[in-house]
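Enquirer: First the structure, then my questions, so here it is.
None of the figures in this text is laboratory data; all of them are computed from the coordinates on show. Since this is a predicted model, take the numbers as computed values, not measurements. Here the Cβ positions follow ideal geometry from the backbone for every residue, glycine too, while neighbour counts run over all protein chains shown.
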Amino acid sequence: MGGLVGHNRGSTVLRACGCAVAGLFLIAGCADDGTPKGGAASRTPAMSGTPSGTGGSGAGTPAPTGSPAAPLVPELDESKQPKTAAEARDLLGRIMIAEQALGPEVVRSTPFESDPGRWPVLDEGCVWQIAGLPADVLATRTRSFHIPAKDGRGRVRFNATVTVHHNREESGWETARAMEEVLRCPDQKLREGEELKKLWGGVLYLGEQMNGWTEDAFTESGTYVSAQDGGPYYYTWSQAQFGPVTVAIAARGAAGYTDEDVSAFVVQGTSRLMLQAKQELGKAAG
């Protein structure tokens with residue numbers, strides 16, 4: 001989620017919290033192909049069908065099970081980086097997931113898709129606002145999905161976000177700002193009647209702890225309270241980076257879903273987004 005002030009990417013604050021992100025993947029549990037174990041996906045701070053060019057199948061692997069001959073983070077092909085806002089919006093369409101990527105029970109919410117020229121900003125009062133894009137962002141888009149309430153279980157909400165910067169340095173600073181926001185505002189207001197409480201977060205760089213799948217892995221977790229949906233329920237946000245692109249999934253839980261259920265959806269969605277970013281921007285093997 002957007003932020004205001006960045007920390008140095010090598011700061012001890014970020015690294016001290018880093019082990020937290022590994023917990024997200026341990027909680028969800030992943031099979032060798034990167035899909036969540038336990039069948040949670042099959043039950044599954046925004047267009048129908050899979051966007052053209054995404055391939056619509058497969059999932060990334062958030063655990064470092066690859067070999068040096070087949071790295072999970074390929075070399076970035078800088079010639080593929082978008083240079084204009086129009087090119088960035090085109091790339092967004094090829095990376096962004098549709099509802100099917102999260103599971104057969106997931107449907108589109110209304111509103112479904114955000115304006116690629118607008119950006120969320122956490123103000124000094126820890127309230128989220130919508131503003132124009134900062135200079136370091138070419139385009140961003142968020143899609144909103146949910147699992148409808150039924151059979152005694154509540155509605156689970158998801159947001160998938162892809163952001164395209166000019167280069168890797170700018171996308172890295174986005175991750176640093178996300179960590180700063182958690183430290184500055186452990187309690188945040190999404191909108192009237194919706195709040196996040198007791199947030200904590202962590203960052204792992206490539207090669208640290210369990211992170212062998214993204215240049216920066218960031219997660220935040222806490223609780224979600226809504227005047228409409230009740231709560232507190234589990235909330236989590238997972239963000240990953242490849243080159244100039246960041247991808248993220250946020251989930252707000254509901255009655256009848258465990259923390260592990262919700263985390264499994266987030267792992268699956270983030271893995272798919274990261275796989276598609278690597279396919280679009282990575283150098284071809286060989």
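Enquirer: Where a Cα-Cα gap under 27 Å defines reach, which lysines qualify for Lys197, not counting those fewer than 8 residues away within the same chain?
Expert: Within the straight-line limit of under 27 Å, Lys197 reaches these lysines: Lys150, Lys189.
Enquirer: Now, a different point. Please enumerate, by chain and number, the lysines with C-alpha under 19 Å from the C-alpha of Lys283, excluding those fewer than 8 residues away in the same chain.
Expert: Lys80, Lys83
Enquirer: A further question follows. How far apart, in nm, are the 7 Å Cα→Cβ label points at Thr258 and Ala284?
Expert: 4.5
Enquirer: Now for a separate question. Pull up the cross-link candidates among the aspartates and glutamates for Lys198, meaning alpha carbon to alpha carbon under 17 Å and not fewer than 8 places away within one chain.
Expert: Straight-line reach from Lys198, under 17 Å: Glu180, Glu181, Asp187, Glu220, Asp259.
Enquirer: So what is the relative contact order of the range 94-195, in percent, for Cα pairs below 8 Å that sit 6 or more residues apart? Intermediate values should be presented prior to the final figure.
Expert: Values: 136 pairs, mean separation 26.2, N = 102.
Taking the mean separation of contacting Cα pairs over the length of the range 94-195, I get 26 percent.
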